[in-house]
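Engineer: There's a structure below that I have some questions on.
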């Protein structure tokens, strides 16, 4: 018995090639959108909003590291965002709510830290890590998940170990001050 050989009809081959080319172009465009920096093409207001949301999400991640979100930690998030960004109270509330929602669907920290790496100076990154520690110390208990989250984010922000420890100690001092 001879094997069955299938032959493509000449009219089908160009159609399949066109479809495959279109599919590959779509995948290429998708990968390009992930690898090409987009901050240059953003309007200044959109860029500022992206930076604000990125910082807020990272602060919220510390708050979410423990099973129960504490009111003191939420207040620390609000205070840190108020100190960093010139936003009205209602804008801060909306930003934190959006950050909580975004945080719940985020699968990694990279998209947030890369935005901050592009737009924050090194001292600003260190202040953000310190603010994360202030959120962690707000309930007078450091959870191992909070510690891990802050350590991971500090690494992604290219904060040195010395800067990380200094930020932690500064936040701890501030938390224990009357």
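Engineer: Among the residues of the stretch 138-150, write down those that are in contact with a helix residue (DSSP H, G or I) (Cβ under 7 Å, 6 or more places away or on another chain) and more than 15 Å from residue 112 (Cα to Cα). Steps first, answer last, please.
Structural biologist: Step one: of the stretch 138-150, the residues in contact with a helix residue (DSSP H, G or I) (Cβ under 7 Å, 6 or more places away or on another chain) are 138-139, 142, 146, 149-150.
Residues satisfying the conditions are 138, 139, 142, 146.
Engineer: Find the residue count for the stretch 84-102, including only residues that are closer than 13 Å to residue 56 by Cα and either surrounded by fewer than 21 Cβ atoms within 10 Å (Cβ to Cβ) or touching a strand residue (DSSP E or B) at 6+ places or on another chain (Cβ under 9 Å) (or both). Quick ask: steps written out before the conclusion?
Structural biologist: Narrowing the stretch 84-102 to residues closer than 13 Å to residue 56 by Cα: 84-85, 87, 91-102.
Within this subset, residues satisfying the condition of being either surrounded by fewer than 21 Cβ atoms within 10 Å (Cβ to Cβ) or touching a strand residue (DSSP E or B) at 6+ places or on another chain (Cβ under 9 Å) (or both) are 84-85, 87, 91-94, 96-98, 100-102.
Adding up the residues that qualify gives 13.
Engineer: Now a separate question. Kindly list the number of the only condition in (1) touching a helix residue (DSSP H, G or I) at 6+ places or on another chain (Cβ under 9 Å); (2) in a helix (DSSP H, G or I); (3) surrounded by fewer than 15 Cβ atoms within 10 Å (Cβ to Cβ); (4) in contact (Cβ under 8 Å) with a residue 24 or more places away in the chain that fails for residue 158.
Structural biologist: Every listed condition holds for residue 158 apart from (2).
Engineer: Evaluate the stretch 21-33: report whether one residue or more is in a helix (DSSP H, G or I), modelled with pLDDT under 90 and under 18 Å from the mean Cα position of the chain (by Cα). Steps first, answer last, please.
Structural biologist: The first filter runs over the stretch 21-33 and keeps only residues in a helix (DSSP H, G or I), leaving 21-33.
Narrowing the set further to residues that are modelled with pLDDT under 90 leaves 21-33.
When the remaining residues are screened for being under 18 Å from the mean Cα position of the chain (by Cα), the result is 33.
Yes, the conditions are met somewhere in the stretch 21-33.
Engineer: So, in the stretch 58-77, of the ones that are under 17 Å from the mean Cα position of the chain (by Cα) and in a helix (DSSP H, G or I), which residue ends up farthest from residue 124 (Cα to Cα)? Step through it out loud before you land on a result.
Structural biologist: Taking the stretch 58-77 first, the residues under 17 Å from the mean Cα position of the chain (by Cα) are 58-65, 77.
Cutting the leftovers down to in a helix (DSSP H, G or I) gives us 58-64, 77.
Numbers: 58: 14, 59: 14, 60: 18, 61: 18, 62: 18, 63: 20, 64: 23, 77: 16 Å.
Checked the stretch 58-77; the qualifying residue farthest from residue 124 (Cα to Cα) is 64.
Engineer: How about the stretch 141-155: which of its residues are surrounded by 14 or more Cβ atoms within 10 Å (Cβ to Cβ), part of a helix (DSSP H, G or I) and touching a residue at least 24 places away in the same chain (Cβ under 8 Å)?
Structural biologist: Start the filter on the stretch 141-155 by keeping residues that are surrounded by 14 or more Cβ atoms within 10 Å (Cβ to Cβ), which leaves 142-143, 145-147, 149-155.
In the following step, the residues that additionally are part of a helix (DSSP H, G or I) were identified as 145-147, 149-155.
Across the stretch 141-155, the qualifying residues are 145, 146, 149, 150, 152, 153, 154.
Engineer: Is it the case that some residue within the stretch 73-83 is over 22 Å from residue 139 (Cα atoms), at pLDDT 90 or above, touching a helix residue (DSSP H, G or I) at 6+ places or on another chain (Cβ under 9 Å) and surrounded by 19 or more Cβ atoms within 10 Å (Cβ to Cβ)? Please lay out each step first, then the result.
Structural biologist: The first filter runs over the stretch 73-83 and keeps only residues over 22 Å from residue 139 (Cα atoms), leaving none.
Checked the stretch 73-83: no residue is over 22 Å from residue 139 (Cα atoms), at pLDDT 90 or above, touching a helix residue (DSSP H, G or I) at 6+ places or on another chain (Cβ under 9 Å) and surrounded by 19 or more Cβ atoms within 10 Å (Cβ to Cβ).
Engineer: Looking only at the stretch 90-123, filter to residues that are outside any helix (DSSP H, G or I) and over 23 Å from residue 73 (Cα atoms); which one of those is farthest from the chain's Cα centre (by Cα)?
Structural biologist: It comes out as 121.
The values are calculated or read from the model by the stated rules, or taken from the named source; none is laboratory data. Since the structure is predicted, the reported quantities are computational estimates derived from the model, not experimental observations. As a convention, Cβ positions derive from the backbone with ideal geometry for all residues, glycine included, and neighbour counts pool all protein chains shown.
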